[in-house]
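Down below is the structure, laid out as structure tokens.
The values are calculated or read from the model by the stated rules, or taken from the named source; none is laboratory data. Small disclaimer: the values here were computed from a predicted structure and weren't measured. Because the Cβ atoms are built from the backbone with ideal geometry, glycine has one as well, and the counts that use them run over all protein chains shown.
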Amino acid sequence: MKPKVAIFSLTSCEGCSLAILELEDRLLDILGAVEIVNFREGMTPRSWDIDLGFVDGAVSTPEDEKELLTIREHCKVLVAIGACACLGGINTLKNPQGKDSYAPYVYGDQAKWFPTTDAKPISAVVDVDYQLPGCPMVKEEFLRFVQCILAGRTFRLPETAVCVECKKNGNLCLYEKGVVCLGPITRAGCEAICPTYGSKCEACRGIVSEDALKAANINLQEQYDVSLEDVLADLRLFGAHQDTTLP
Amino acid sequence: MLDRVVTQSGLLELIEELGHTHQLIGPVARPVPECDPPVRHFYQRVKHAGQLDLSFSYCTYSPKEFLFPPSETLFNFEKVDGRFTATPVLDEQRRALVGVHPCDVHAIELLDHVFAKDHADEHYAARRSHTFIIAIDCPTPCTSGVFCADMKTNTATQGYDVMLYPLATGDGANGNGQTRYGAVFGTEAGREWLYYNRRFTSPSAEDERSFKAYPQTKAAAFTRELNTTVDKLPALLDRSYDSLLWEATARRCYSCGSCNLVCPTCYCFDMHDHNELSETCGQRRREWDGCQLPEFAVVAGDHNFRPKAAQRLRHRTYRKAKWVKEQSGLAGCVGCARCDRACTAKISSVEVYNQLAEEA
Ligand code: SF4
Ligand code: SF4
Ligand code: SF4
Ligand code: SF4
């Protein structure tokens, strides 16, 4: 029997679900191998008996939380896709501002009709079996994940930094241009797309290891003349790091 | 003794002709206005010799990727009637690597040795045997911080098809103000190229004079960076296994692997199978790996032989300055300092060697 697959969206731009549709030609192969039973971007819901459930988006409202608990209940395997689901994503930018400030800012005097909470990754609410991070999620990684699951092989995220892919691409390191790039502390898997196109890495795939983050704290204070505040702001952009200090 | 001499423009014409039979790869200038100087060089494939900048300082990456690419398919496999068949992928494209500096010539010699040892690697061998190497000597250090003279790798007497020595710019009869290259062949193919081309001429008396003075002028131009000698490094490392330096330096290390990936003598790789969704066909690929990456030494059962950055830094240093030399007789580190330039934590191999030497 074909595994039953569902795709859900919480608070997000749903770009990660769209990324699945963007697989186009290869999507047809996947559709041949699985049965899609629930997909807001692509169809109307059919069934709640789900083998493999993908969720994009952060938990940012009481409604999200309720929906996520229901999703978890019905999915044998639950996968967080994209920075919002894995890390909280840009939704978490509101958190440090405090609810009394962001709710009226967004909803004005209607704020009380729109209950909202601090944004958090879905792992803060339910157990998550796999994470496919990135803003947006990396399509090729999604495909590799589906292949592994279908073949019964183990799936693992790369445990290396973005620099590895950046070097394999033959890029000139942004540090040579005086730019503080977060590549050395960010989990690879994106093919270093940002540095390859000239922008610094902003850690949308999360921090690769606590050790790397520690090294960043030392290097940025001892070796570089940069404001730690700016670096922390970059790290907070996609929710990779919510603390006010580095370890 | 010089075999032949050629002017810069003559050389470019010759390379252009070589392009009829070979893919041309050589130093290309990329403008980078944010940098000082505002240009960086990269070995790149070009259509025409005129796109090359032969007076380049150094290339950010070594030419290694044209012999041993960051990622390559070794074979394709397919399951037909319940049986797997594999078809090897061999790259037999003829290439000319132009502007390989002595450090990288030494590094390629090490790769040749490693990929031929025990079980010869047919993928490397296929590329290597179709690659014509035109080396260019460095009369002065390519940039600050290089320690090729210390490693005895800033000159090369083999490992190339042809070596070009930029001689003092001639005037009048001797070169019209252009750089003149003194050429020496290293292989039979190189000899043919030099002697069967009319653009190469016999060296004049003046050429021979500048070539005679060349080594001395060059030696004076290369200052020492190491406060010990390359021959003493193995013994120095023997004494330094328990040094506190490893921990003290590696606390800054991101374990990002950049130092490995830019290194011309790093040859480690990892292999994966890439299956199509149908699972009946796919490719076996190999990709560059690096000993500074956290999972490099993980074996079955998830045991990691070198879980700490300090252990990995020590391992890399031992490889570069002791083990490779002891195993192969060839330089494990050619002093190009690409690792030092690539490290965003500003960890420097020269500094590591020098600090160990000071401690000892
Ligand atoms: S540009 Fe960024 S990702 Fe690329 S090597 Fe430099 S630090 Fe690493
Ligand atoms: S480049 Fe520097 S930070 Fe990265 S692994 Fe090498 S020594 Fe460590
Ligand atoms: S270890 Fe560093 S200096 Fe030595 S060959 Fe490798 S990149 Fe060059
Ligand atoms: S490191 Fe030495 S041999 Fe290599 S390019 Fe620079 S000066 Fe030449």
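Residue B:92 meets the conditions (1) among the acidic types (Asp, Glu); (2) within 14 Å of another protein chain (Cβ to nearest Cβ); (3) touching a Ser or Thr at 6+ places or on another chain (Cβ under 9 Å) in every case but one. The failed one is (2).
Is it the case that some residue within the stretch B:306-328 is surrounded by fewer than 17 Cβ atoms within 10 Å (Cβ to Cβ), within 14 Å of chain A (Cβ to nearest Cβ) and not polar (S, T, N, Q)? Within the stretch B:306-328, one or more residues are surrounded by fewer than 17 Cβ atoms within 10 Å (Cβ to Cβ), within 14 Å of chain A (Cβ to nearest Cβ) and not polar (S, T, N, Q).
Of the residues examined, residue B:337 is one that is crowded, with 17+ Cβ neighbours inside 10 Å and within 14 Å of chain A (Cβ to nearest Cβ). Does the stretch B:277-291 include one or more residues that are at the interface with chain A (Cβ under 10 Å from one of its Cβ atoms), within 16 Å of ligand 1 (Cβ to nearest atom) and closer than 17 Å to residue B:249 by Cα? No, the stretch B:277-291 contains no residue that is at the interface with chain A (Cβ under 10 Å from one of its Cβ atoms), within 16 Å of ligand 1 (Cβ to nearest atom) and closer than 17 Å to residue B:249 by Cα.
Residue-wise test of (1) polar (S, T, N, Q); (2) closer than 21 Å to residue B:179 by Cα.
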{"position": "B:20", "(1), (2)": "no, no"}
{"position": "B:23", "(1), (2)": "yes, no"}
{"position": "B:26", "(1), (2)": "no, yes"}
{"position": "B:32", "(1), (2)": "no, no"}
{"position": "B:36", "(1), (2)": "no, no"}
{"position": "B:45", "(1), (2)": "no, no"}
{"position": "B:50", "(1), (2)": "no, yes"}
{"position": "B:54", "(1), (2)": "no, yes"}
{"position": "B:63", "(1), (2)": "no, no"}
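Evaluating residue B:197 against the criteria (1) surrounded by 13 or more Cβ atoms within 10 Å (Cβ to Cβ); (2) within 14 Å of chain A (Cβ to nearest Cβ); (3) not aliphatic (A, V, I, L, M) leaves one unmet condition, (2).
Scanning the stretch B:15-45 for residues that are closer than 17 Å to residue B:341 by Cβ and either touching a residue at least 40 places away in the same chain (Cβ under 8 Å) or more than 14 Å from chain A (Cβ to nearest Cβ) (or both) returns B:27, B:43. Every condition in (1) within 16 Å of ligand 3 (Cβ to nearest atom); (2) closer than 16 Å to residue A:82 by Cα; (3) of a type in the set (A, V, I, L, M) holds for residue A:124 except the one numbered (1). Residue A:158 passes every criterion in (1) within 11 Å of chain B (Cβ to nearest Cβ); (2) under 26 Å from residue B:260 (Cα atoms); (3) assigned to a helix (DSSP H, G or I) apart from (3).
Of all residues in the stretch B:124-145, those that are within 16 Å of ligand 2 (Cβ to nearest atom) have Cβ atoms under 6 Å from Cβ atoms of residues that are aliphatic (A, V, I, L, M), 6 or more apart or on another chain, in B:145/B:337. Out of B:336, B:343, one residue alone is more than 14 Å from residue B:234 (Cα to Cα), hydrophobic (A, V, I, L, M, F, W, C) and away from ligand 1 (no atom under 16 Å from the Cβ). It is B:336.
State whether the residues of the stretch A:208-215 include one that is in contact with a strand residue (DSSP E or B) (Cβ under 6 Å, 6 or more places away or on another chain), more than 16 Å from ligand 4 (Cβ to nearest atom) and either more than 9 Å from chain B (Cβ to nearest Cβ) or within 26 Å of residue B:287 (Cβ to Cβ) (or both). Checked against the condition, which is being in contact with a strand residue (DSSP E or B) (Cβ under 6 Å, 6 or more places away or on another chain), more than 16 Å from ligand 4 (Cβ to nearest atom) and either more than 9 Å from chain B (Cβ to nearest Cβ) or within 26 Å of residue B:287 (Cβ to Cβ) (or both), the stretch A:208-215 yields at least one hit. Looking only at residues of the stretch B:227-257 that are in contact with a helix residue (DSSP H, G or I) (Cβ under 8 Å, 6 or more places away or on another chain), within 29 Å of residue A:221 (Cβ to Cβ) and of a type in the set (A, V, I, L, M, F, W, C), we find that the one that is surrounded by the fewest Cβ atoms within 10 Å (Cβ to Cβ) is B:245.
Taking the stretch A:171-201, which residues are of a type outside the set (S, T, N, Q), at the interface with chain B (Cβ under 10 Å from one of its Cβ atoms), part of a loop (DSSP other than H, G, I, E, B) and surrounded by 16 or more Cβ atoms within 10 Å (Cβ to Cβ)?
The answer is A:172, A:173, A:180, A:181, A:188.
Taking the conditions exactly as written (of a type in the set (A, V, I, L, M), within 14 Å of another protein chain (Cβ to nearest Cβ) and more than 16 Å from ligand 4 (Cβ to nearest atom)), does residue B:360 satisfy them or not? Spelling it out, it is not the case that residue B:360 is of a type in the set (A, V, I, L, M), within 14 Å of another protein chain (Cβ to nearest Cβ) and more than 16 Å from ligand 4 (Cβ to nearest atom).
Only helices (runs of 4 or more DSSP H) whose full extent lies in the stretch A:1-104 are considered here, and the ones with at least 2 residues that are modelled with pLDDT of 85 or more and more than 14 Å from chain B (Cβ to nearest Cβ) are A:15-21, A:62-74, A:82-87. Against the list (1) more than 10 Å from chain B (Cβ to nearest Cβ); (2) charged (D, E, K, R); (3) within 16 Å of ligand 3 (Cβ to nearest atom), the condition residue A:168 fails is (1). Against the test of being at positive phi and of a type in the set (D, E, K, R), the options B:53, B:81 yield a single qualifying residue, B:81. Looking only at residues of the stretch B:221-257 that are among the basic types (Lys, Arg) and away from ligand 3 (no atom under 16 Å from the Cβ), we find that the one that is farthest from the other protein chains (Cβ to nearest Cβ) is B:232.
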